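Some notes on the structure that comes next.
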Amino acid sequence: MSHQLLLEPIHQFLQCKTPTGWIEKAKQPENLEVLLIDHMICELKAAQTAMYLIRKYAVDKESGDALLAWLEPYEQFIYKKQGSLSDLANKNRLSKQIIPKSDSPYGQDLIDKMVLLIKEELHHFYQVLEIMESRGIEYYSIKPSRYAKGMIRNVTSYEPNTLIDKLIIGAYIEARSCERFATLAPYLDDELNNFYVSLLRSEARHYQDYLALAEQIAGEDISDRVKFFGELEAQLISSPDEDFKFHSGEPTQQ
């Protein structure tokens, strides 16, 4: 499948394209460091989100603890600056089979899609760290952008709508990541261009998996809710933003 065919449904799903101002700022060599660091953190956050959904909605405590242990080395690196690239080399595997709760009607589907997503996001985390190390870029803590919080604060407070909303938000985050990788790749050096293009297929599938789960769990038309979060996501992406991160909006300064 060509990149254009892959991106066509992404562009139809998203309600705006990445602003030219963001592209211009992202192209500047001095901003590559923060982009790579934020990208790496976003990969962990994506894995954490998927893990949270499995633990809250699909598995018992024993399986939940195994998921926590899976992410722990990556979280230690980000939050406590413990560990290294070599330490993470063989950490991307689950210690046990994850079994759904017997009373969860969608547990197995949620587990199947989210466990694969976690594995891929942690692999991408490792790949970004590998690129950073090869370029002499040291990891340091940065504050998160407004993007994810700006959507999460609008989540419905009762189930199953809470879960459905979170899955829709997950779909938008993955779709936007895919669009940004594709938009930015042509302006980067060959290594980063090839790397970002290599991520498009998995990010596109992640968005589709989130949306399919939301539709399955709702069991009814969710187009109004999808439209609501689409408009909110577009506003966060296209409105002025003093911060500059991978998912930030229109830069207020170039």
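Residue count for segment 167-187 under the criterion of being over 27 Å from residue 228 (Cβ atoms) and buried (at least 19 other Cβ atoms within 10 Å of the Cβ): the result is 1. Here the condition is being more than 30 Å from residue 224 (Cβ to Cβ), surrounded by 14 or more Cβ atoms within 10 Å (Cβ to Cβ) and of a type outside the set (D, E, K, R); of 67, 6, 85, it holds for 67 alone.
Might you let me know whether segment 41-48 holds any residue that is under 24 Å from residue 209 (Cβ atoms) and over 17 Å from the mean Cα position of the chain (by Cα)? No, the conditions are met nowhere in segment 41-48.
Regarding segment 53-60, can at least one residue be identified that is open to solvent by less than 40 Å² (accessible area, probe 1.4 Å), among the hydroxyl-bearing types (Ser, Thr, Tyr) and in contact (Cβ under 8 Å) with a residue 40 or more places away in the chain? Yes, there is a match, as at least one residue in segment 53-60 is open to solvent by less than 40 Å² (accessible area, probe 1.4 Å), among the hydroxyl-bearing types (Ser, Thr, Tyr) and in contact (Cβ under 8 Å) with a residue 40 or more places away in the chain.
Looking only at segment 88-112, residues that are surrounded by 13 or more Cβ atoms within 10 Å (Cβ to Cβ) and within 30 Å of residue 138 (Cα to Cα) come to 4 in all.
Filtered by the rule that a residue be open to solvent by 20 Å² or more (accessible area, probe 1.4 Å), assigned to a helix (DSSP H, G or I) and of a type outside the set (Lys, Arg), segment 123-166 gives 123, 126, 127, 130, 133, 134, 148, 152, 161. Before we move on, is residue 72 within 20 Å of the chain's Cα centre (by Cα) and of a type in the set (Asp, Glu)? Here the answer is yes, as residue 72 does meet what is asked.
Based on what the data block shows, is residue 201 farther than 21 Å from residue 51 by Cβ and either hydrophobic (A, V, I, L, M, F, W, C) or assigned to a helix (DSSP H, G or I) (or both)? The answer is yes for residue 201. Mind counting the residues in segment 218-242 that are within 15 Å of residue 155 (Cα to Cα) and in contact (Cβ under 8 Å) with a residue 40 or more places away in the chain? Within segment 218-242, residues that are within 15 Å of residue 155 (Cα to Cα) and in contact (Cβ under 8 Å) with a residue 40 or more places away in the chain number 10. The requirement of being farther than 18 Å from residue 44 by Cα, assigned to a helix (DSSP H, G or I), at pLDDT below 95 and out of contact with any Leu (no Cβ under 6 Å at 6 or more places or on another chain) is not satisfied by residue 225.
If I ask for residues that are surrounded by 14 or more Cβ atoms within 10 Å (Cβ to Cβ) and more than 20 Å from the chain's Cα centre (by Cα), which ones from segment 202-224 would you list? Hits for segment 202-224 are 216, 217, 218, 222.
The values are calculated or read from the model by the stated rules, or taken from the named source; none is laboratory data. In this text the structure is predicted, and so the values were computed from the model without any measurement. Neighbour counts run over all protein chains shown; Cβ positions are idealised from the backbone, glycine included. Protein only, heavy atoms only, side chains kept; ligands, DNA and RNA dropped before computing areas. Shrake-Rupley method; radii C 1.70, N 1.55, O 1.52, S 1.80 Å.
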